[in-house]
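Comments concern the structure below.
The values are calculated or read from the model by the stated rules, or taken from the named source; none is laboratory data. All values derive from a computational prediction rather than experimental measurement. Neighbour counts run over all protein chains shown; Cβ positions are idealised from the backbone, glycine included. Side chains included, ligands, DNA and RNA excluded: accessible areas come from the protein's heavy atoms. Shrake-Rupley method; radii C 1.70, N 1.55, O 1.52, S 1.80 Å.
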Amino acid sequence: MSIKIIQQRLSDYNCKTDIEEQHAIREITQELVLAALGRGDFFKHALFQGGTCLRIFYGLNRFSEDMDFILREADHQFELKDHIKHLTDELAAYGYNLQISDRNQVDAKVKKAFLKDYSVGKLIEFHYAGQTGSLAKIRIKLEVDTNPPMGSGSELKYLDFPFVTSVAVQDRPSLFAGKIHALLCREYVKGRDWYDLIWYTSNRTSINYDFLTAAISQSGPWQSQNITVNKAWTLSQLEKKIIALDWKHAASDVRMFVRANEQPSLSLWSKELFLEQLKKLK
């Protein structure tokens, strides 16, 4: 059992709080899951996307909870369980006693599964919390969109923990397009979306407007309206959102997902800040 590998990986995070340790052990588990999926043919069919992808492969500062994927091509017959049934054996080598719960509804376009472990957290030496409670429980949700919008770009990335493996991911312009779709179409305010917007604009990330157009047409308030999605339209809609938001509330959603030294910057969140960030939009 390679629990020492997990312990060393955790020490590399240099966590300063119990919350940081909780996020770190979850992220370590996410990397193990990706490596295990890379051993099979999962990434021949799917691309990794979302905040966890952005953090692990592109350097986003905030932690992320779930693991999101889209299929390369729509396939309503796709079954996530066929690709993750081996995860229990793979992760057992690192001290995990993984439980996989299939939460799919009949004919669901988004396939879901929950991974739970109550063992490895009790074997790890934590510096800021005891070995019971939330740190001893690891929960990760996996989702695969089996009917994704057309037009996503992709690239191949590599993990070197716990062994070298390849992971197919959405490229940054497509990830940014997906994030803008969430910003404009999500039915509730998720501050982490706006945190990510700062990351994308600060890094001068371009937008895959073909993918964004397909996503806008597929779901949300502009569904099937044949909207011409370009820079001008995107700026206009984001400005409306920014002016209307309660930024104190939005920042509160992010606080537990960033390290302690970044907490003070959240007090700067305002419509003025985000309108200024929009000037960097390509």
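Scanning the range 217-229 for residues that are assigned to a helix (DSSP H, G or I) and either surrounded by 17 or more Cβ atoms within 10 Å (Cβ to Cβ) or hydrophobic (A, V, I, L, M, F, W, C) (or both) yields a single hit, 217.
Pairing residues of the range 151-167 that are free of Cβ contacts under 8 Å to residues at least 60 places away in the same chain with residues that are not in a strand (DSSP E or B), at Cβ distances under 7 Å and at least 6 apart in sequence or on separate chains, gives 153/171; 153/173; 153/174; 153/208; 155/171; 158/164. Against the conditions (1) touching a helix residue (DSSP H, G or I) at 6+ places or on another chain (Cβ under 7 Å); (2) touching a residue at least 24 places away in the same chain (Cβ under 8 Å), residue 50 satisfies every one except (1). Within the range 180-202, the set of residues being surrounded by fewer than 16 Cβ atoms within 10 Å (Cβ to Cβ), over 18 Å from residue 65 (Cα atoms) and in contact with a helix residue (DSSP H, G or I) (Cβ under 8 Å, 6 or more places away or on another chain) comprises 202 only. Counting only helices (runs of 4 or more DSSP H) that sit wholly inside the range 75-176, those with at least 1 residues that are modelled with pLDDT under 90 are 81-84, 120-123. Against the criterion of being touching a Gly at 6+ places or on another chain (Cβ under 6 Å) and either open to solvent by 30 Å² or more (accessible area, probe 1.4 Å) or assigned to a helix (DSSP H, G or I) (or both), residue 232 does not qualify. Here residue 253 fulfils each of the conditions (1) surrounded by 15 or more Cβ atoms within 10 Å (Cβ to Cβ); (2) without any contact (Cβ under 8 Å) to a residue 40 or more places away in the chain; (3) among the charged types (D, E, K, R) apart from (2). Tell me which residues, restricted to the range 257-280, are loosely packed, with under 15 Cβ neighbours inside 10 Å and over 27 Å from residue 209 (Cα atoms). Listed by number, the residues that qualify are 260, 261, 262, 263, 264, 265, 267, 268. Among the residues making up the range 258-280, those that are over 20 Å from residue 180 (Cα atoms), under 23 Å from the mean Cα position of the chain (by Cα) and either assigned to a helix (DSSP H, G or I) or without any contact (Cβ under 8 Å) to a residue 60 or more places away in the chain (or both) are 260, 261, 262, 263, 265, 266.
Residues that are farther than 20 Å from residue 157 by Cα number at least 2 in the following helices (runs of 4 or more DSSP H) confined to the range 1-68: 3-12, 18-39.
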